[in-house]
Each structure stands twice: as structure tokens, then as C-alpha cells.
Amino acid sequence: MWWVPVYTAAVALYMVVQFVETAPVHDAMGTAALSAFIVSTFFARGVYQVSGALFFAFGVGLFCFGWALLVRRVKRYAVMALCHWKERTEGLGNYFFMFLGAGLFVEMLARSPLLAGLGGWFRVGAEHSVWLYGMIAVYFFATSFVGFHPLVNLTLLMPLLVPAVPLSIVLVCCSLATVMYSPYNISVSLLAEELGDNPYRIGRRNVPFALGYMAGGIGIALLAERLFFG
């Protein structure tokens with residue numbers, strides 16, 4: 001519950017600086033309160049027995065309303081929130097079925113013999129960190145070209161691995177690298193649409209840099225493992 005004093009301090013400071021007509025000070029207080037809210041979501045599971053994502057999804061509305069009340073902009077916030085709500089919820093049905101299909105796919109794949117084979121493959125490489133990290137990089141690289149989202153890759157991979165800081169560095173770097181070259185990633189798709197080019201061609205141009213980014217992440221993980229976990 002350490003974040004409760006952070007909230008209290010942020011709100012108290014903001015009330016004090018209401019008498020100071022300096023926009024940067026006001027912006028700094030808003031940033032501090034928002035940062036405290038975001039950080040508190042990571043501790044919501046232990047305090048409220050709910051996931052941080054669920055806490056954030058339901059708490060962000062209350063936080064925004066409370067902040068609008070504090071700065072005396074409730075009417076403006078209500079008008080803007082209602083306008084954006086109507087605009088952004090029109091196509092949510094498509095996303096609902098998309099994520100429902102993705103969840104069904106991941107659940108069925110996790111129960112299939114294919115995941116057991118994947119686990120055996122990674123257990124063989126777990127004897128040496130270099131081989132394990134290289135296998136993870138190849139796994140993300142190969143699956144991204146057949147349409148697997150990085151979150152789907154992580155969902156399938158996490159039950160097979162033992163959490164560790166160096167391993168987390170590899171997973172983060174390899175999953176983030178897909179935004180540079182995966183033709184099914186939204187960033188590459190939007191860039192291809194703007195340039196009028198083929199997303200596979202754009203991804204191929206970015207592959208060398210993405211591989212270098214993966215290699216750099218693996219190098220940092222190996223160095224951290226040698227220095228702190230060796």
C-alpha cells in the first residue's frame with residue numbers, strides 16, 4: 001500500500017500549485033498523479049486479488065473523473081468522454097471476435113501435441129544459455145512470418161520456461177523486434193499502406209537491423225547472467 005501516500009502527496013501538491021499560474025507545474029503534477037496510478041496497477045493483484053490489467057481498465061475511468069473534478073473540468077470531460085465513447089465503440093465487435101478467435105486458437109494449441117514437441121525442443125537447448133536464447137530468437141522470427149502475434153508467442157512459450165531476469169531480457173527484445181519486420185504487424189502494415197509498397201518487402205529491408213537488435217538483447221542477457229547469476 002505504499003502508493004497511497006504517493007497519491008495523497010500528488011493531490012496535495014496539485015491543490016497547492018492551483019495558486020501558481022504556471023502551466024509546466026500543473027502538467028508536472030498531472031504527470032506525477034498519472035504515474036502513481038499506473039505504478040499502482042502492478043501491485044493491485046496482491047492487494048485486491050485482481051489482475052493489474054483489470055484494475056487499470058476499471059480504475060482509469062474513476063481516475064480521470066476524479067482528476068476532472070479536481071481541476072473543475074467535469075462538464076468538459078463528460079462531453080469529450082461521451083463523444084469518444086460513441087466513436088471508439090462502433091467497431092469493437094470486430095475486435096471482440098478477433099480476440100475470441102485468438103484465445104480459442106491459443107487454448108487449443110496449448111492442449112495439442114505440438115506444444116509438447118515445442119517444449120522438448122527448448123528443453124534440449126536449456127542446457128546452454130546461448131542455444132536457448134538463440135532458439136527463442138528463431139522461434140519469434142519464424143512464427144512472425146506466418147501471422148503469430150508476439151503476445152500469442154509469449155503465451156505459448158511462458159509455460160515452458162523458468163522465469164529469470166536474463167530470460168526476460170531476451171523475451172522482450174525478441175518480441176519487440178517483430179514490429180520491424182513482421183508483415184502481419186500493424187506498424188509494418190500501416191507503413192506499407194502509406195508507401196504503397198509490399199509489407200514483405202519492407203519487412204525484408206528491416207530484417208538485418210531486427211536481427212542485430214535481437215543479438216544485442218541476447219548479448220546483454222548473457223552478460224547479466226555472467227555478472228549477476230553466474
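The numbers here are math on the coordinates, done by the rules we state, and not lab data. Predicted model only: the values in this text are computed from it and were never measured. As a convention, Cβ positions derive from the backbone with ideal geometry for all residues, glycine included, and neighbour counts pool all protein chains shown.
Couple of notes before you dig in:
- Point-to-point label distance, L82-F209, nm (Cα→Cβ direction, 7 Å offset): 4.5
- Hz values of 3J(HN,Hα) by residue in the range 63-72 - Karplus curve (6.51, -1.76, 1.60), Gly and Pro given as x: 5, 5, 5, x, 5, 5, 5, 5, 8, 6
- Ranked packing of 96-103, 208-215, most packed first, by mean Cβ within 10 Å: 208-215, 96-103
- Summarising the label geometry, the points placed 7 Å from Cα in the beta-carbon direction at L62 and K75 lie 2.7 nm from one another.
- Amide N of the range 153-191 lying under 14 Å from the label point, which is placed 7 angstrom from the Cα of M98 along Cα→Cβ: 184-190
- Two-site FRET efficiency, E127 against L151, from Cβ-Cβ distance with R₀ of 25 Å, rounded to 0.05: 0.35
- Neighbours of S182, meaning other residues whose beta-carbon lies under 14 angstrom from its beta-carbon, give a summed charge of +3 when Lys and Arg score +1 and Asp and Glu score -1.
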